[in-house]
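*Asks:* Here it is: the structure, laid out below.
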Amino acid sequence: MDLTPDLDTPSPARVYDYFLGGSHNFASDRALAARMEQAMPDIGHIMQANRAFLRRAVRTLVDAGVRQFLDLGSGIPTVGNVHEVARQLAPDTVVAYVDIDPVAVNHSRRLLTDDPRTVVLHADLTQPDTVLDDPALREIIDFEQPVAVLLVGVLHQLTTDPAPTIAHYRDRLAPGSYLALSHASSDRRTDALALRDTYNQGYANTARMTLRTRPQIEQLFAGFTLIPPGLVQLPQWRPDWPVDPDEDPRRFATYCGVGSVDPKVSPA
């Protein structure tokens with residue numbers, strides 16, 4: 001695969017990196033980020049809340065005994081990546097990062113070149129067998145043991161129904177495995193539609209945003225058992241501190257949740 005970046009075309013991974021305060025982004029990414037902020041002024045705050053959900057979910061799953069993570073649509077490495085968060089609690093954790101963006105893959109590989117417990121794949125998450133049967137991934141991930149699949153902030157980039165793709169991954173997972181996901185929604189926020197239009201115009205043919213409703217997002221957990229607190233807005237999922245009562249969680253316009261393959265496994 002060609003890993004040469006196109007500096008003139010914005011990338012979802014690089015725009016996300018910009019909003020997280022990263023340095024792996026270009027002028028085209030920053031220009032689109034500015035237009036997205038015009039459409040939804042607090043979009044940066046929402047993306048930071050999305051990253052915070054990822055960290056909390058990883059810590060929860062490590063506490064539940066998971067030591068293998070498959071991060072699909074992983075983006076560009078910034079502070080607080082999955083392997084960093086997980087290894088604070090369990091140094092033996094292994095992580096496979098998968099992304100279709102060549103910049104994300106190149107930076108990840110440079111960062112993790114000397115880390116034998118990680119692998120970085122340049123692959124399309126909508127081709128589960130290609131991902132799951134990759135020899136490099138199989139060197140560190142044992143699918144006979146529990147695996148946590150992470151689909152955080154990526155599924156709204158798929159125009160087709162993600163459910164069959166998720167089901168394919170689910171069917172390859174051992175009991176005790178988990179799915180963690182977050183997904184943008186237009187529920188209760190009309191400016192989400194303006195953001196979607198800006199996103200789609202800015203990325204042209206490279207990415208598209210598809211907003212889904214809460215019931216549609218909940219259906220993505222088919223075959224999984226949602227663990228408490230279920231499918232909620234970003235700051236409501238096991239917050240590290242009480243949610244600010246003056247900040248309406250619904251304004252985040254993104255639902256998130258964690259589901260277990262085994263209904264008997266439901267960490268409190």
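*Asks:* State the number of residues belonging to segment 209-222 that are in contact (Cβ under 8 Å) with a residue 40 or more places away in the chain and exposed (fewer than 15 other Cβ atoms within 10 Å of the Cβ).
*Replies:* Qualifying residue count, segment 209-222: 2.
*Asks:* Give me the residue from segment 78-117 that is β-branched (Val, Ile, Thr), more than 14 Å from the chain's Cα centre (by Cα) and modelled with pLDDT under 95 and, out of that set, nearest to PRO12 (Cα to Cα).
*Replies:* Out of the qualifying residues, it is VAL103.
*Asks:* Output yes when any residue across segment 107-116 is out of contact with any His (no Cβ under 8 Å at 6 or more places or on another chain) and among the basic types (Lys, Arg), and no when none is.
*Replies:* Yes, segment 107-116 contains at least one residue that is out of contact with any His (no Cβ under 8 Å at 6 or more places or on another chain) and among the basic types (Lys, Arg).
*Asks:* From the set of residues in segment 224-233 that are free of Cβ contacts under 8 Å to residues at least 40 places away in the same chain and assigned to a loop (DSSP other than H, G, I, E, B), which is surrounded by the most Cβ atoms within 10 Å (Cβ to Cβ)?
*Replies:* LEU231
*Asks:* Taking segment 139-175, which residues are in contact with a Pro (Cβ under 8 Å, 6 or more places away or on another chain) and either charged (D, E, K, R) or more than 18 Å from VAL82 (Cβ to Cβ) (or both)?
*Replies:* Selection gives GLN157, THR165, HIS168, ARG172, ALA174, PRO175.
*Asks:* Under 7 Å by Cβ, and 6 or more places apart or on different chains, what pairs join a residue from segment 97-110 that is within 18 Å of ALA207 (Cβ to Cβ) with one that is modelled with pLDDT of 90 or more and in a helix (DSSP H, G or I)?
*Replies:* Listed pairs, sorted by first residue: VAL98/VAL131; ASP99/VAL105.
*Asks:* Next up: Take ILE227 and tell me if it is among the aliphatic types (A, V, I, L, M) and over 27 Å from ASP101 (Cβ atoms). Quick ask: steps written out before the conclusion?
*Replies:* Values: among the aliphatic types (A, V, I, L, M): yes; over 27 Å from ASP101 (Cβ atoms): yes.
Here the answer is yes, as ILE227 does meet what is asked.
*Asks:* Inspect all residues belonging to segment 90-108 and state whether any of them is within 22 Å of ARG51 (Cβ to Cβ) and among the aromatic types (Phe, Trp, Tyr).
*Replies:* Yes, segment 90-108 contains at least one residue that is within 22 Å of ARG51 (Cβ to Cβ) and among the aromatic types (Phe, Trp, Tyr).
*Asks:* Right, something else. If a residue counts only when it is modelled with pLDDT of 95 or more, which helices (runs of 4 or more DSSP H) contained entirely in segment 125-223 have at least 2 such residues?
*Replies:* In segment 125-223, 128-132, 135-140, 163-171, 214-218 are the helices (runs of 4 or more DSSP H) which contain 2 or more residues that are modelled with pLDDT of 95 or more.
*Asks:* Separate question: Being at pLDDT 95 or above and either of a type in the set (Lys, Arg) or not in a helix (DSSP H, G or I) (or both) is true for just one of GLY75, GLY65, GLY21. Which residue is that? Steps first, please.
*Replies:* Details: GLY75 fails: at pLDDT 95 or above; GLY21 fails: at pLDDT 95 or above.
The conditions single out GLY65.
*Asks:* Working only within segment 24-58, note down all residues that are of a type in the set (Lys, Arg), closer than 23 Å to ASP71 by Cβ and either outside any helix (DSSP H, G or I) or touching a helix residue (DSSP H, G or I) at 6+ places or on another chain (Cβ under 6 Å) (or both).
*Replies:* ARG55
*Asks:* Here's a follow-up. Can you tell me which residues in segment 152-185 are closer than 14 Å to ILE217 by Cα, surrounded by 17 or more Cβ atoms within 10 Å (Cβ to Cβ) and among the hydroxyl-bearing types (Ser, Thr, Tyr)?
*Replies:* If the condition is that a residue be closer than 14 Å to ILE217 by Cα, surrounded by 17 or more Cβ atoms within 10 Å (Cβ to Cβ) and among the hydroxyl-bearing types (Ser, Thr, Tyr), then THR165, SER182, SER185 are the ones that fit.
*Asks:* Taking ALA13, is it under 30 Å from LEU179 (Cβ atoms) and not acidic (Asp, Glu)?
*Replies:* Details: under 30 Å from LEU179 (Cβ atoms): yes; not acidic (Asp, Glu): yes.
Considered against the rule, which asks whether it is under 30 Å from LEU179 (Cβ atoms) and not acidic (Asp, Glu), ALA13 comes out as yes.
*Asks:* Of ARG51, ARG56, ARG109, which residue is touching a Lys or Arg at 6+ places or on another chain (Cβ under 6 Å) and of a type in the set (Lys, Arg)?
*Replies:* Details: ARG51 fails: touching a Lys or Arg at 6+ places or on another chain (Cβ under 6 Å); ARG109 fails: touching a Lys or Arg at 6+ places or on another chain (Cβ under 6 Å).
Answer to the check: ARG56.
*Asks:* When segment 94-110 is examined, which residues are found to be in a helix (DSSP H, G or I) and either of a type in the set (Gly, Ala, Ser) or surrounded by fewer than 17 Cβ atoms within 10 Å (Cβ to Cβ) (or both)?
*Replies:* Passing the criteria: ALA104, SER108, ARG110.
The values are calculated or read from the model by the stated rules, or taken from the named source; none is laboratory data. Note that this is a predicted model, so its numbers are computed, not measured. Cβ sites come from the backbone with ideal geometry, for glycine too, and all protein chains shown count toward neighbours.
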